[in-house]
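The structure appears below as structure tokens.
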Amino acid sequence: MNFIFLGPPGSGKGTQAKRVCEQLDILHLSTGDVLRDAVKNGTDLGKQAQKFMEAGDLVPDELIVGIIEEKLQSGQLDNGFVLDGFPRTVPQAEALKKMMDKNDKRIDSAILLDVSDEEVIKRLSGRFTCPNCGAMYNYPYNMPKKENVCDKCGHPELVRRPDDEEAVVKNRLEVYQKQTAPIVGFYRNESLLREISAEGALEEITDAVLKVMKEAR
Ligand code: AMP
């Protein structure tokens, strides 16, 4: 089961990818998470990526494609995966196609989580993460059981991602429209695109995503 989740920032790609990957026991690969870890650990990749991320801009294609290539070569993608946040540009989508062909793999489908701009802004301004384990929460939709304490690992403080601040969110949405939205057409041409309305209850969206994934295989 090899899938790509597409959608604007705040469409719920990360949350839904985590939920379905746990259920299906396949790898959730978020390039955003890989980059945030690299920044946290001060690696070369992190140092190169940090300024782009802080501005809400995209990190150069070569750096990102290198991450995916390394995961493919190390066998981490062999038992099925959901790519969350990659590809983000048409050249990344083309590079992925080449890498998959070379490794005798194929994408089952690219699932677009559809949400309005208004909803995206509402969601991103209410988003909090656990700095310890990466769990995500959304006020008022998906709250931790105890205020400001992570349900998953018990860490006593949830934080906002720096790139969820309002000015950066605006830039991320513009970047999405300009650089990422064109890949929807790319996957439509490949007959791999599936669309899901991602407004509504978290569990219902997960069920809809799982249904599309099972049908696509
Ligand atoms: P995300 O968590 O997917 O919203 O990603 C956070 C940030 O990481 C983005 O705003 C970009 O700066 C960077 N990033 C993540 N994935 C990619 C990608 N595929 N291409 C370029 N930049 C990326």
> Taking H as built 1.01 Å from N, whose amide H comes closer than 5 Å to the amide H of Leu6, not counting residues under 5 places away?
Replying inline: Ile111, Leu112, Leu113
> For the chain, what is Rg from Cα atoms divided by 2.2 N^0.38 Å, rounded to two decimals?
Replying inline: 0.97
> Rounded to the nearest 5, what is the percent of antiparallel bridges among the DSSP beta bridges in region 17-173?
Replying inline: 55
> Hey, can you rank 20-27, 88-95, 139-146, 193-200 by average C-beta count inside 10 Å, highest first?
Replying inline: 88-95, 193-200, 20-27, 139-146
> Residue by residue, what Karplus-based ³J(HN,Hα) values in Hz, rounded to whole numbers, does region 141-155 have, using 6.51, -1.76 and 1.60 with θ = phi - 60° and x for Gly and Pro?
Replying inline: 7, 9, 9, x, 4, 10, 3, 6, 10, 5, 4, 7, 10, x, 4
> Which far-off residues, 5 or more places away or on another chain, put their amide H under 5 Å from the one on His28, with H placed in the peptide plane?
Replying inline: Val82
> In terms of the Cα gyration tensor, with a ≥ b ≥ c the square roots of its eigenvalues, is region 110-217 rounded because a/c is under 1.5, prolate because a/b exceeds b/c, or oblate?
Replying inline: oblate
> With the other protein chains left in place, how much accessible area per residue, in square angstrom, belongs to the chain at a 1.4 angstrom probe?
Replying inline: 52
> If amide H atoms are built 1.01 Å from N in the plane of the peptide, which residues on other chains or at least 5 residues away come under 5 Å of the amide H of Asp151?
Replying inline: Lys145
> Hey, what number do you get for the chain at 222 nm if only DSSP H runs of n ≥ 4 count, each worth -39500 (n - 2.57), divided across all residues, to the nearest 500?
Replying inline: -14500 deg cm²/dmol
> Peptides 66-73, 32-39: what's the order by average Cβ count within 10 Å, highest mean first?
Replying inline: 32-39, 66-73
> Given 5 Å bins starting at zero, what is the percent of C-alpha pairs of region 1-67 in each, up to the one with the largest pair distance?
Replying inline: 3, 15, 23, 22, 19, 13, 4, 0
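The values are calculated or read from the model by the stated rules, or taken from the named source; none is laboratory data. None of the values given here were measured: they were computed from a predicted structure. All Cβ positions, glycine included, derive from the backbone under ideal geometry; neighbour counts span all protein chains shown. Just so you know, the surface numbers come from the protein's heavy atoms only, side chains and all, with ligands and any DNA or RNA stripped out. Shrake-Rupley method; radii C 1.70, N 1.55, O 1.52, S 1.80 Å.
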